[in-house]
Amino acid sequence: MRILYIASGIPVPGTLGGSTHAFEVARGLTQRGHAVHLVAASKEGWSGLAPFTRPVSSRLAGFHLHHQDIPKSIALLGVQPILRLVCVLRPDVIIERYYNFAGAGIWAARRLGIPSLLEVNALIIDPPAVFKRRLDDALGGPMRRWAITQCHWASRIVTPLHTTVPAEIPRRKIVELSWGADVERFAIERQNNAPNSNCQASTAIFLGSFRAWHGVIDFVRAAILLLKQGCDYRFVLVGDGPERALAEQLAAAWPGRFHFTGALAYEMAPDALRSAGVGVAPFNTAPHPALRTAGFFWSPLKIYEYMAAGLPVVTTDLAPLNQVIREGVEGTLFREGDITGLAAAMDRVLRDPAAAQAMGARARERVVARYSWQRHCAELERVLEEMRHSG
């Protein structure tokens, strides 16, 4: 198939979760024999107006990459360049990553009679607590109408949890499909007799966005509790975001115990995980109204990458996280927002390296079988072929 994949405002390559997602889907479909063209941003953020009307094209990992740097808030202004690209490429199918102000690909597909797939990893209609929703309501609901229109126009919708999609959209159109990890890239040889095995066994790692709902401050506070109890552990934090300054401020009282790497390029993430004995994903939905409204609809890349690296995982006891990580099997769970419980969960894993290694091995087996990008792309291919042949 010729596939046009539009990820407006997502930097590829980049360090964001969306960057990883778009790259892995484009690469995975390419590896399955398809000609993939990805439209994405050249970097996070935006300045200036160029290139604005014509994407700058190159090749990356076997697929065609078209950089189109338009602010996400006015992504629909890219509709004419997208339409020109569609007319040149003549794709068999179009995939578009949903964003409130995007939709150029779905519009072009509708206009030209091309099957389209809407990729959704956020709540399509924001809850009333979100400012964008209140603004939209005050304006009479244009964003809501456009979002629902995109859902109706799309041939299929792929999302980790169907509750992201408004109830008025038929459920038969929705395919629930988790995101994943590159189980080859993150394969790490782990041996108890390695020179740094003691350091690994006593190190907990947090990888990802430093935003409130990712729980990075909970991670630091739980780590400090363990240090106050006399535990000889170290803590690595990989990533960046608005919570980083507070995290570093809290950690400053414990020199040598915390290491902040900053954001790392995707290809450097496996080496960062190599240094750890447990991966921690302390999600907290309290600061995120959409997650409170629709349930935990994210398909968390950090957990899958921990698992692919052979790490046991400590995460929040929320569905579906507690279905990916089972207590005592691939890791351990704690009650959402419970700092003491998070500290105890990390301690349970770190204090028993042999049990931790066994849990990590089971985690690796589970992610290979069920939560890899390879599996995601195989299933996505099936959906796209079905769309293509059904017209």
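Derivation of every value follows stated rules applied to the coordinates shown; laboratory data play no part. Bear in mind that the values here come from a model prediction, so they are computed numbers and not experimental data. Cβ coordinates were reconstructed from backbone atoms using ideal geometry, including for glycine residues, and neighbour counts include every protein chain displayed.
Per-structure values
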read-out: Estimated D of segment 226-320 in µm² per second, where Rh is the Kirkwood radius over Cα pairs and Stokes-Einstein applies at 37 °C, 0.692 mPa s; value: 217 µm²/s
read-out: Segment 59-192 - share of DSSP beta bridges that are antiparallel (%, nearest 5); value: 15 percent
read-out: Residues in segment 149-190 that a label on Gln374 would reach, taking backbone N under 17 Å of a point 7 Å out along Cα→Cβ; value: 179-189
read-out: Simple spin-label estimate for Asp317 and Arg185 in nanometres, 7 Å along Cα-Cβ; value: 3.4 nm
read-out: Rounded FRET efficiency, nearest 0.05, which uses the C-beta distance separating Arg257 from Arg382 and R0 of 45 Å; value: 0.40
read-out: Long-range lysine pairs (8 or more apart or interchain), the chain, Cα under 25 Å; value: 5
read-out: Debye equation applied to the C-alpha atoms of segment 60-212, log10 I(q)/I(0) at 0.10, 0.11, 0.14, 0.17 Å⁻¹; value: -0.52, -0.60, -0.84, -1.10
read-out: Relative exposure of Tyr98, Tyr233, judged by other C-beta atoms within 10 Å (fewest first); value: Tyr233, Tyr98
read-out: Neighbour-count ranking [beta-carbon atoms within 10 angstrom, fewest first] of Lys43, Lys72; value: Lys43, Lys72
read-out: Packing-based ranking, highest mean first, of 370-382, 264-276 given that Cβ atoms within 10 Å are counted; value: 370-382, 264-276
